[in-house]
Amino acid sequence: MTAADSTTKFIFVTGGVTSSLGKGIISASLAKLLQARGYTATIQKLDPYINIDPGTLNPYEHGECYVTEDGAETDLDLGHYERFLNTPTSQANNVTTGRIYQSVIDKERRGDYLGETVQVIPHITDEIKHCIKLLGEDNKYDFVITEIGGTVGDIESLPYVEAIRQLRWELGNRCVVIHLTLVPYLAAAKELKTKPTQHSVKTMQEYGVQPDILVCRTEKPLNESIRSKIALFCNVGSESVIESIDTDSIYKVPLLMREEKLDLQVLKKTKMSANCMPELHSWELFINRLENPVSKTKVALVGKYVELMDAYKSIIESLIHAGTSNECKVELKMVHSEHITPQNISALLGDVNGILVAPGFGERGIEGKIAAIEFARVKRVPFFGICLGMQCATIEFARNVLGMKEAHSIEMDPNTPHPVIDIMENQKKISLMGGTMRLGAYECKLTAQTKASDIYAKEFISERHRHRFEFNNKYLEIFEKNGMIASGFNPGSGLVEIMEVKDHPWFIGVQFHPEYKSTVAAPHPLFRSFIKAAMDFGNNQNQL
Ligand code: GLN
């Protein structure tokens, strides 16, 4: 079946006025509502930057790099899509301008264009349309929701808006355009202002695209007269003016969108049945627990991007899922690894019930991470190390328990006499940076009678990876003899996946990234168990 025979509906989500209006959350919420009505939906993010993928981007640019099952390094919005929908995404769900151009240029070099002049229209726009329609093939989904990154009016967004214009022409009412705008409140005038929305819609119209639905981000409720005014000036019915009010949790947005009938509008415009009501019982239960915790616990997240919450998005969301399933509010203390010294460590970490050491790359802040791990090990505070956090835990153990004072990862010190973390054999000859790490889902076999195997209650698990270095198995015997054991291995290669300290209430380091798999419907078992351990630690402290 080709895209032309498909009955899949294509929903586009664009943004105007400013960035950060929450397009990703609105897309994920709409998909959630459609899914809750029994429809199948997937979400795709088109990013107008020229990087091939965000894998090479500094977290200061666009926050965390999210990794899919198939090993794609993607925008962090894909994390929201998975956390809301509980279904995996893939490389096809995130496409950048860089990837579009790469593919067009490869075709040009192969001679596929048979001597034509290769141009933005139609070649680039055709490639964009191809990437959108690809997800609609074989009617795998009732709805494909495509979020366009950036803001309408930016030069780099133009080919995407043009592709939407063409697709609407081609597919008629199988397409719906949802445009997000900002309705600011001017305190001096005590009024919500609609002009930025009017201008933003005008920009869309100039490009030949009339939005069908406007989602208006606002800090105050939109009254009927504001809705009618926006409707009148922007050529939409007032029922298609949807209020998106600020809220304290992204997980409340699907419920707010249900109240605003965003899903109903989409179903009406695509001529799909709206007979079934969205079934959101377990979602509501989650919100209820989130709002009414029975206890609370404080956990430190030690990393080097603490001023930038987006850098650890999936970890922070996983902690929220885990707290909620334990009916516990997790208070997060962000601790900058570069600021940790032997003098201030008790002051920085003395009041927390759990210490999570974050993933990362490079030398900066490494010694602070190692000091935090020593503190957790010696003071018996629950410790969770993820990727670099696990690597640092083995370095700390080698230095402070095994007496290998100069132990290190060869990422930080290529000449260390004790490379407890080494480069993977198949990574040695790689000099290119993009997409060259060990990426995506790999199987792991858990060792019986270990904490990891108790937590997962399974023999085989699969978790996602994003790293170049690994535990050096030459040291495994001496580690295990002294109390740090490997409780998970890759069954094929024997690479160590999980390390734990036996004589400790909860000390686990994982080479993989469990945070990519935690969802609202299925909070991750390691995070759940870590929070439970932190709660127990806090209770014990109170009894002392
Ligand atoms: N820098 C380490 C490596 O490449 C850890 C990576 C990470 O924490 N994601 O192996």
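No value in this document is a laboratory result; all are computed from the given coordinates. All figures in this text were calculated on a predicted structure; none of them were measured in a lab. Glycine also receives a Cβ, built like all others from the backbone with ideal geometry; neighbour counts cover every protein chain displayed.
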Taking the inverse of the average 1/r across all pairs of different Cα atoms in the range 341-419, what Kirkwood radius in Å do you get? 12.7
Please give the net charge around L262, taking every other residue with its beta carbon less than 15 angstrom from that of L262, where Lys and Arg add +1 and Asp and Glu add -1. +4
Longest principal axis of the chain (C-alpha) makes with the long axis of helix 158-171 (C-alpha) an angle, in degrees to the nearest 10, of 60
In degrees between 0 and 90, to the nearest 10, how far off the longest principal axis of the chain does helix 281-291 point, with axes built from Cα atoms? 60
Added length on full extension, which subtracts the Cα-Cα distance from 0.36 nm per residue, S493 to V401: 30.4 nm
Check: the chain dipole with +1 on Lys, Arg Cβ and -1 on Asp, Glu Cβ, in debye: 820
Give me the percent relative contact order of the range 126-237, please, defined on Cα pairs under 8 angstrom at least 6 residues apart. 24
Would you grab the residues whose amide H sits under 5 Å from the one on E331? Only those 5+ places off in sequence or on another chain, please, with H modelled 1.01 Å from N. T297, K298, V299
Selection from S529, W506, Q541 lying farthest towards where the dipole of the range 406-544 points positive, charges on Cβ: S529
Hydrodynamic radius of the range 160-246 per Kirkwood, over alpha carbon pairs, in Å: 13.4
What's the local net charge at Y475, with K and R +1, D and E -1, over the other residues with C-beta under 13 Å away? -1
Nearest 10 degrees is fine. How inclined is helix 97-110 to the longest principal axis of the chain, computing both from alpha carbons? 80
Too long for a 31 Å Cα-Cα cut-off, among K133/K220; K304/K379; K140/K304; K9/K445; K261/K313; K429/K532, are K133/K220; K140/K304; K9/K445; K429/K532
Percent of alpha carbon pairs in the range 261-322 separated by more than 16 Å? 66
State, to one decimal in nm, how far the label point of I245 lies from the label point of K296, with both points 7 Å from Cα in the Cβ direction. 2.4
Calculated FRET efficiency for the pair Q198/D112, C-beta based, R₀ 35 Å, to 0.05: 0.20
Between the range 138-168 and the range 423-474, the alpha-carbon center distance in angstrom: 36
Theoretical gain in end-to-end length, S462 to H336 [0.36 nm per residue, Cα-Cα removed]: 42.3 nm
Points 7 angstrom from Cα along the Cβ direction at S19 and V120: gap in nanometres? 1.9
Between E206 and Q343, what is the spin-label point distance in nm, taking each point 7 Å from the Cα along the Cα→C-beta axis? 5.8
Rounded to the nearest Å, the spacing of the alpha-carbon centers of the range 213-237 and the range 363-377 is 51
How charged is the neighbourhood of H504? Take every other residue with its Cβ under 12 Å from the Cβ of H504, and add Lys/Arg as +1 and Asp/Glu as -1. +3
As I understand it, the dipole of the chain uses +1 on the Cβ of Lys and Arg and -1 on the Cβ of Asp and Glu, about the Cα centre. Which of Y160, G38, Y81 lies farthest toward its positive end? G38
Rg/Rh for the chain to two decimals, with Rh computed the Kirkwood way over all alpha-carbon pairs. 1.00
What whole-number distance in Å separates the alpha-carbon centres of the range 479-544 and the range 253-286? 38
For every helix of n ≥ 4 consecutive DSSP H residues, a contribution of -39,500 (n - 2.57) applies; sum these over the chain, divide by its total residues, and give [θ] at 222 nm rounded to the nearest 500 deg cm²/dmol. -10500 deg cm²/dmol
At R0 = 35 Å, FRET efficiency that the Cβ-Cβ distance of D351 and N58 yields, to 0.05: 0.65
Equivalent ellipsoid dimensions for the range 1-138 as semi-axes, Å, which come from the Cα gyration tensor, largest first: 26, 20, 14
Report the per residue volume, in Å³, of the convex hull enclosing the C-alpha atoms of the range 428-544. 142
Rounded, prolate or oblate for the range 372-457? Axes are the square roots of the Cα gyration tensor eigenvalues, ordered a ≥ b ≥ c, and the cut-off for rounded is a/c under 1.5. oblate
What fraction of the DSSP beta bridges in the chain is antiparallel, stated in percent and rounded to the nearest 5? 30
Quick note, the range 326-471: a/c under 1.5 would make it rounded; otherwise a/b > b/c is prolate and the rest oblate (a ≥ b ≥ c, C-alpha gyration tensor); here it is oblate
Taking other Cβ within 10 Å of each residue's Cβ, how do I455, I178 sort, fewest first? I455, I178
Only Cα pairs under 8 Å and at least 6 apart count here; give the relative contact order of the range 159-295 as a rounded whole percent. 21
Vicinal HN-Hα couplings computed from phi for the range 258-268 (Karplus, 6.51 cos²θ - 1.76 cosθ + 1.60; Hz; Gly/Pro x): 5, 4, 7, 6, 4, 5, 4, 4, 5, 5, 4
